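This report concerns only the one structure given below.
What follows is calculated from the coordinates using simple rules that are stated; it is not laboratory data. What you see is a predicted model, and the numbers here were worked out from it, not measured in a lab. Methodologically, a virtual Cβ is constructed for each residue, glycine included, from the backbone with ideal geometry; neighbour enumeration extends over all protein chains shown.
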C-alpha cells in the first residue's frame, strides 16, 4: 500500500533565510572582531558534541511564550514583515514534509489506513510533534490574519492552519492511550482532518515552491554581488539536490520501482549535483574567505557539513550503480526501518541530513 502521507522529497525553500542568515552571521562576526574576539582563521576549533546535542534537545522542548497584555500590536491592520512571514512558511513547510510526515506515518503504523477504525497494534506508538512546530504555526497564522491585503499563499495557509493544527493535536493526544472507544473517536477526527490536510497541504506546498523559485535567482544574484560566493554556492547545491529529488519522485513512487528510473534523463542532474557539491567543498577549504562571509568556521557545525555532502554524493552514486546494474531491493530492505545502500530513501535521508547540518551551521 502506498503511504500517501509520506512526502519523500524534503523541499528546502530557504533562499531568503540563507540570505538573512549569512548577513546575520557576518554581523555576529564583526561584533566579535570589534570586541577583541576576532577568529584566527589559521586555527581550527570544534564545539563539544555533548554541548551540541544538549542545545538541540533543549530547542525541541521550548514552550510557547505567553504574551503580556499591551505587548502586541493593537491596530486592526498591524504592519507585517513579509520576509519574516515567508520564512515562517518555509520553516512550516520543512516540518510538514519531514518530521510531521513521520508523525502521521507513525499513527498509520498503529491503525489501518482507512476510514473504519481498525487497530494494528495493542498500543499507540506515535511520535509527538515538536513544540516549535505549534509555535511556528500559530505565529504564521497570527501574522497572516493581520495582513490587510492577503495574497493567495496567505489564504491557502489560513485554510490549512486549523486542519493541520487539529490533526497534530489529536495525534499528540494518543500518547500512552489504548482505549478502543476513545480510539474510534480520535480516529474519526484524524481521518477527517488527514483527508482535508492531504489536499490543502499539497496546494500550499506547491504555491510556496513557486513563490520561492521566483525569489531564488534574485537572491543568488544579490548574494554574489555582495561577495557571498559561499552562500550562493550552497544555495545552488541545495537547488540541485531538490531538482534531483523531484525528478526521481516524478518518475517512480518509491524504492519498489527503483529499476524503472531513467538514468539518461537523470544524468545531467547527476552531473550538476556532483559539480555543485564539489564547488561547496572547495570553497569550504578557504576558511578565511568563508569566515569573511560570516560562516562559523570555528564551530563543530561547520565541520559536519563536508561529511554530510560526501555522504549525499556517495548515496546518489550508489543509487545510480544499483539502477545501472538492475539490482532490485530485497523485500526485507524495502520494509526495513533503515534505508538500504543504493536506495532512493538513503539518498533522500542523506540530503535531509545535509540540509539539517547546514541550517544548524547557519543558525549557530
TODO: Would you give the gap between the C-alpha center of segment 162-176 and the C-alpha center of segment 178-224, rounded to a whole Å?
DONE: 15 Å
TODO: Express the relative contact order of segment 76-214 as a whole percentage, based on alpha carbon pairs under 8 Å and six or more residues apart in sequence.
DONE: 29 percent
Open item on the list: With 25 Å as the cut-off, how large is the P(r) tail for segment 76-214, expressed as percent of Cα-Cα pairs?
Closed with: 31 percent
TODO: Express in % the proportion of alpha carbon pairs of segment 167-213 at distances exceeding 18 Å.
DONE: 44 percent
Open item on the list: Based only on other Cβ atoms within 10 Å, what is the fewest-to-most ordering of 317, 199?
Closed with: 199, 317
Task: Alpha-carbon centroid distance for the pair segment 242-309 / segment 331-354, whole angstrom - done: 16 Å
Open item on the list: Using a 10 Å cut-off around each Cβ, can you sort 147, 184 from fewest to most neighbouring Cβ atoms?
Closed with: 184, 147
TODO: Could you give me the radius of gyration and the Dmax of segment 227-321, taking only the C-alpha atoms into account and expressing both in angstrom?
DONE: 15.2, 46
